[in-house]
Amino acid sequence: MEKYYTRACNFYYGSLSKEKIKKKLSLPLNGNNLISFDNIEIITRKYKKKIHIKKIKKLSNKIQKKINNDIKLIIRKKKFKGLNFLNSPILMGVINLTPDSFSDGGKYNKKNSGYNHANYLIKKGCKILDIGGESTRPGAKDISKITEWKRINKTLIKIKKLNKFISLDTRKSWIMEKGIKNRINLINDVSGFEYDSNTTNILKKHKIPFVIHHMQKTPKNMQKNPRYKNVLLDVYDFFEKKINKIRSLGIKHSNIILDPGIGFGKNLKHNMTLINNISIFHSLGFPIMLGVSRKRFIKDLSGNNDSKERLGGTISSSLYAMTQGTQILRIHDVNEVNQSIKVFKSLNFK
């Protein structure tokens, strides 16, 4: 049986969005009247077609039912414990307490540098602090849970005193358990809870909010010839299957975030397809997170205009994701990206 997917497209912003919604010419995205859409793209593994929302009623009853169910999820306001998406995107600031992360390894893993950086990120507008002690860059090797915990323990305790929303970036259930005892707010496992079979038991036991992240293979080999039949729909199906599995385990809360995993088992074409079509994941009914900060695809696209921080590429791709309704951006350069968002909104979201 052919499977249909629904992607919101042709977006309007600010006062124009409000006007379109008022005249019933467009629908609000995620319950936000400042972003709306008037077209959808109907996608299967054989074809795709864009239509205006007013033409949905001309579709067959079967397809019409599927599309309308998807639209209910697309326009629904996304709620999440401890986070407010009314002024999205909100920024997740990266705190890598590792000696070997791809961009800032060794920068914040000494003495109070991680804590000081957390304070700086908060001051510049970061709403989520994502703390991690294991590098998952392409080619990275596994480390022991003891080593990982030693890297983050002291800094995590200090950061929690700031009373801010803390995300723990780990693939290990033992680390998750330790983090939860230290009152972290979110689990961010880049393996999509595939690395450690006990991680889903931790989610069930503690009912902790979490990110479902997509990654093909492992950090050690994920960039060795990654392949998909259709990267966009394959990642969508992965999310859907994972959500169904989590529900079957008795995890019923909706404090779930979806991250398609840019650069995690994807080549340039895969990454661009996911970013270009990021709005498809709204039809799964959960907030979307995107990590484009300083990633390799920026170098691939910019050629001799590449730079160490890749700030220009990070900003442009972050703003693009924002205009598709992405709720969370995982960022290194919080101040600069926040500046770009404020200026963009001042110019467009009137």
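The values are calculated or read from the model by the stated rules, or taken from the named source; none is laboratory data. This one's a predicted model, so the numbers in the text were calculated from it and none came from an experiment. Note that each Cβ is placed from the backbone with ideal geometry, even for glycine, and that neighbours are counted across all protein chains shown.
Residue-wise test of (1) of a type in the set (A, V, I, L, M); (2) in contact with a Pro (Cβ under 7 Å, 6 or more places away or on another chain).
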residue: 5; (1), (2): no, no
residue: 10; (1), (2): no, no
residue: 33; (1), (2): no, no
residue: 39; (1), (2): no, no
residue: 70; (1), (2): no, no
residue: 78; (1), (2): no, yes
residue: 91; (1), (2): yes, no
Could you grab me the full set of residues in segment 121-133 that are buried (at least 18 other Cβ atoms within 10 Å of the Cβ) and more than 16 Å from residue 330 (Cβ to Cβ)?
133
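Within 16 Å of residue 207 (Cα to Cα) and assigned to a strand (DSSP E or B): is that true of residue 129 in this structure? First the steps, then the outcome.
Details: within 16 Å of residue 207 (Cα to Cα): no; assigned to a strand (DSSP E or B): yes.
Considered against the rule, which asks whether it is within 16 Å of residue 207 (Cα to Cα) and assigned to a strand (DSSP E or B), residue 129 comes out as no.
Could you tell me which of the residues 291, 261 is touching a strand residue (DSSP E or B) at 6+ places or on another chain (Cβ under 6 Å), at positive phi and assigned by TED's automatic domain parsing to the domain that holds residue 330? Spell out the reasoning first.
Values: 291 fails: at positive phi.
Every option except 261 fails the conditions.
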What tally of residues in segment 297-350 results from selecting those that are assigned to a helix (DSSP H, G or I), closer than 25 Å to residue 167 by Cα and of a type in the set (D, E, K, R)?
2
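Only strands (runs of 3 or more DSSP E) wholly contained in segment 1-47 count here; list those with 2 or more residues that are at pLDDT 95 or above and within 15 Å of residue 281 (Cβ to Cβ). Break it down stepwise before answering.
Details: elements: 5-13, 27-29, 32-43.
The strands (runs of 3 or more DSSP E) meeting that bar are 5-13, 32-43.
Select from segment 74-113 the residues that are assigned to a helix (DSSP H, G or I) and at pLDDT 90 or above and write down the one among them that is surrounded by the fewest Cβ atoms within 10 Å (Cβ to Cβ). Reasoning before the result, please.
Filtering segment 74-113 for residues assigned to a helix (DSSP H, G or I) gives 74-75, 113.
Imposing the further condition that a residue be at pLDDT 90 or above reduces the set to 74-75.
Numbers: 74: 26, 75: 17.
Step by step, filter segment 74-113, then rank; the result is 75.
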Out of curiosity, is residue 332 buried (at least 17 other Cβ atoms within 10 Å of the Cβ), in contact with a helix residue (DSSP H, G or I) (Cβ under 9 Å, 6 or more places away or on another chain) and farther than 18 Å from residue 84 by Cα?
yes
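Looking at 147, 218, 170, 199, can you tell me which residue is closer than 28 Å to residue 84 by Cβ and more than 18 Å from the chain's Cα centre (by Cα)? Working first, answer last.
Working: 147 fails: closer than 28 Å to residue 84 by Cβ; 218 fails: closer than 28 Å to residue 84 by Cβ; 170 fails: more than 18 Å from the chain's Cα centre (by Cα).
None of the other options fit; the residue is 199.
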